[in-house]
Each structure stands twice: as structure tokens, then as C-alpha cells.
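Encoded as C-alpha cells, the structure appears first; notes follow it.
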Amino acid sequence: HGHVNCLEVIPIGNGFDSEDAPSLIELCNFMRAYFGVKVRLSECGVPVDEVAKSGLLQGSQLLCSDAFEYMRSRKMERDVFARIAVTMTDLTPGEGWNFVYGQALPMDGIGIFSFARHSPNFERVPRRLSAEEKSELLMMSCRTMAHEVGHLVGLQHCIYFQCIMNGNNGNERTPLVCCPICLHKLRVGTKFDPQERFAELERFYAKHGWENYQEAMAQRLAVF
């Protein structure tokens, strides 16, 4: 539906106030450029205790099922096609699992992503991150979001080329780009303008010094 074109981002916990967390504003800017949709950041974070109805597994891990249950209980605005929760609390589907970076339920239009393990400070004494470490943290977080939100807009795991939609659990070698097949599917789904998308992504990558991705977008823009 034409008016249902907004992705809602809901922070869980106060971890995004810390030094070793990616910027929520920049994550939303990336999602807006990458998928060509409106992105709305929830004005206030949700306390972890309000979401973790089963308690934190081993005292530190949020259950995906608790997050999904909380997401289902929230009222959805009429223009929202999907909602994602983001957190700096470690995430797990439950017993038998170590951890996951994220999970999505496409039929419900909800997802939950954790950036805790992307931080160099995970399970270490907290320290101030360098500019390079912050940039890398943001890139890995964007990669996690791009993959899981891809599922929410209808993309399955890609088996054709090196692609952001390749099956993985936080593989740092996964490229931050869609292959030609997945890019076409994404355009059919979200109706983005290719020239506008590549231009916005080039600006985003340039801002954060991601030169390889910036050059890739410039090459695509050159064909217009």
C-alpha cells in the first residue's frame, strides 16, 4: 500500500547512551538510504526489564521471544510496514544457542538486533573507542540491520553472488551491498529510485570514510 512506507526503530535499554554504541541517528540514516523508505526512531528507549519478561538468560542475554512478544504488544501506526528493536544487550533465541546478532519474523513484520558483540568493549573493561573503532562498529551494525531488514521486505538468503543477503551470523566479510538479483527484488518491493539511492549511499559512505563502498556507489551513479 502506498501510504504504508515507514520502518519504525525502537531502542531497548540505555546502552546507546554509552561511548561504545553506534549512533542511532546514523543507523536510521543508513536504513533510510539503503532501503529507500521512511524511518521513524522511537522517541524514548524501552527499559530492558520491561521487555525481558522471562528474565535475562544467564543474567545478561535477552530472549528473542520476549522481544518479539513485546513488539507484538505495541500499537502500530498506520504507515508502518515493519518494526525493529535494537539493543546493546546480548541476544539469544534460548537454550541450545550461544547468541545471535539478530532475528526477524517477516510474516509479523518485526525484528530484533543486538550490536553488543560488535563493540570492542564486549566482555572487556570499558574504554574510550578510537575514531576508527567507532567507524568499524557502525559499519558492522549497519551490516546486521541491512541483512535482517532485508528479510522484513521479503528477501531470502542469497545463493547467487557475494551479497548482504548471504546466510551468515555476523560474518564480517559479508559485503554491505546487494547483488544485482537482490537489488532488483528490493526495488520491486520498496519502489526506490536507483539514482537517488546510490547518491544518498555515496554521501553516507563518504561521511564515514568508507572509501570502497563510496567508490562502488560512484561507479553505479556514472551509468545514469
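Since every read-out is calculated from the coordinates, none of them should be taken as a lab result. Note that the coordinates shown come from a computational prediction; the quantities given were computed from them, not determined experimentally. Because the Cβ atoms are built from the backbone with ideal geometry, glycine has one as well, and the counts that use them run over all protein chains shown.
Listed conditions (1) under 20 Å from Q103 (Cβ atoms); (2) without any contact (Cβ under 8 Å) to a residue 40 or more places away in the chain; (3) surrounded by 15 or more Cβ atoms within 10 Å (Cβ to Cβ) are all met by E148, apart from (2). When S60, S23, S54, S18 are checked against the criterion of being in contact (Cβ under 8 Å) with a residue 24 or more places away in the chain and over 21 Å from R143 (Cα atoms), a single residue qualifies: S60.
The residues on offer are V37, V46, V51, and the sole one that is of a type in the set (A, V, I, L, M) and over 16 Å from F113 (Cα atoms) is V37. Return a yes/no flag: does segment 68-85 have any residue that is under 15 Å from F113 (Cβ atoms), assigned to a helix (DSSP H, G or I), touching a residue at least 40 places away in the same chain (Cβ under 8 Å) and under 15 Å from the mean Cα position of the chain (by Cα). The answer is no; no qualifying residue exists.
Picking from residues in segment 32-44 that are touching a Leu at 6+ places or on another chain (Cβ under 6 Å) and touching a residue at least 60 places away in the same chain (Cβ under 8 Å), the one that is surrounded by the fewest Cβ atoms within 10 Å (Cβ to Cβ) is V37.
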